Amino acid sequence: MIVGQVKPESITGKKISEISQRKEYTVFLEVGTLYGLGSTKCFLNSLLERDDDSKLISIESKKEFYDYAKNYWEDAINKGKLDLRHGSLISFDDLPEDYRTDSGHTKHTYDYNQDIKNSSTISIDEKIDVLMLDGGHFSTQLEWELFKDEIKIGIIDDVSASKTRMIYKEILDDSQWVVEKMPDRDLIIAKRK
């Protein structure tokens, strides 16, 4: 049985659901859908209860994960609450050459980069209120740069990992953010003041 990394009943899952209920946030962007059973589910459980134009845009570069999520969330897609996209916000050519993961992988040896290489590059035209970054090691910093100036809330997973350490430090050093570290995950929720 496939389960999500963020459980809806967890502290983090409840916090994501709570944010998704708030009417001042209408467009949510999640990078890294996986199977759509973790944070995706937490977002959609609340968004499906809202009678407005709110929606989750969720991006997954691995075709197998995308297909599973598409099938699982067909009803949410049909209701316009989920805009599930296969691809990447960052092209393979734009991924950094000099970065290494904590385990020593390079741009050319990291598995998920092959998915990015073989998928289309996606652009987002909507103004994003809430951004969740839980994607690949090589694209996360660049994805943050795309949206950090417009978002009201940033949810950053794996803040102890090399892919997000600099984002976490940037947020902590910037007085415009109020940061909440989740006690049950290596994840922060940063709200713009």
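The values are calculated or read from the model by the stated rules, or taken from the named source; none is laboratory data. In this text, all values refer to a predicted model and were calculated from it rather than measured experimentally. Cβ atoms come from the backbone with ideal geometry, glycine included; neighbour counts cover every protein chain shown. Heavy atoms of the whole protein, side chains included, go into the accessibility calculation; ligands, DNA and RNA do not. Shrake-Rupley method; radii C 1.70, N 1.55, O 1.52, S 1.80 Å.
Here are some notes:
- Scope region 49-66; condition charged (D, E, K, R) and touching a strand residue (DSSP E or B) at 6+ places or on another chain (Cβ under 8 Å); matching residues: 55, 60, 63
- Just one of the numbered conditions (1) surrounded by 17 or more Cβ atoms within 10 Å (Cβ to Cβ); (2) farther than 20 Å from residue 18 by Cα; (3) in contact with a helix residue (DSSP H, G or I) (Cβ under 7 Å, 6 or more places away or on another chain) is not true of residue 56: (2).
- Looking only at region 165-193, residues that are open to solvent by 90 Å² or more (accessible area, probe 1.4 Å), in contact (Cβ under 8 Å) with a residue 60 or more places away in the chain and within 24 Å of residue 136 (Cβ to Cβ) come to 0 in all.
- The single residue among 41, 81 that is open to solvent by less than 50 Å² (accessible area, probe 1.4 Å) and basic (Lys, Arg) turns out to be 81.
- Which numbered condition residue 102 fails, given (1) surrounded by 15 or more Cβ atoms within 10 Å (Cβ to Cβ); (2) at pLDDT below 95: (1)
- Count of residues meeting criterion [open to solvent by 20 Å² or more (accessible area, probe 1.4 Å) and either assigned to a loop (DSSP other than H, G, I, E, B) or of a type in the set (Lys, Arg) (or both)] in region 16-36: 6
- For region 87-96, the condition holds for at least one residue, the condition being that it is β-branched (Val, Ile, Thr), open to solvent by less than 20 Å² (accessible area, probe 1.4 Å), free of Cβ contacts under 8 Å to residues at least 60 places away in the same chain and assigned to a loop (DSSP other than H, G, I, E, B).
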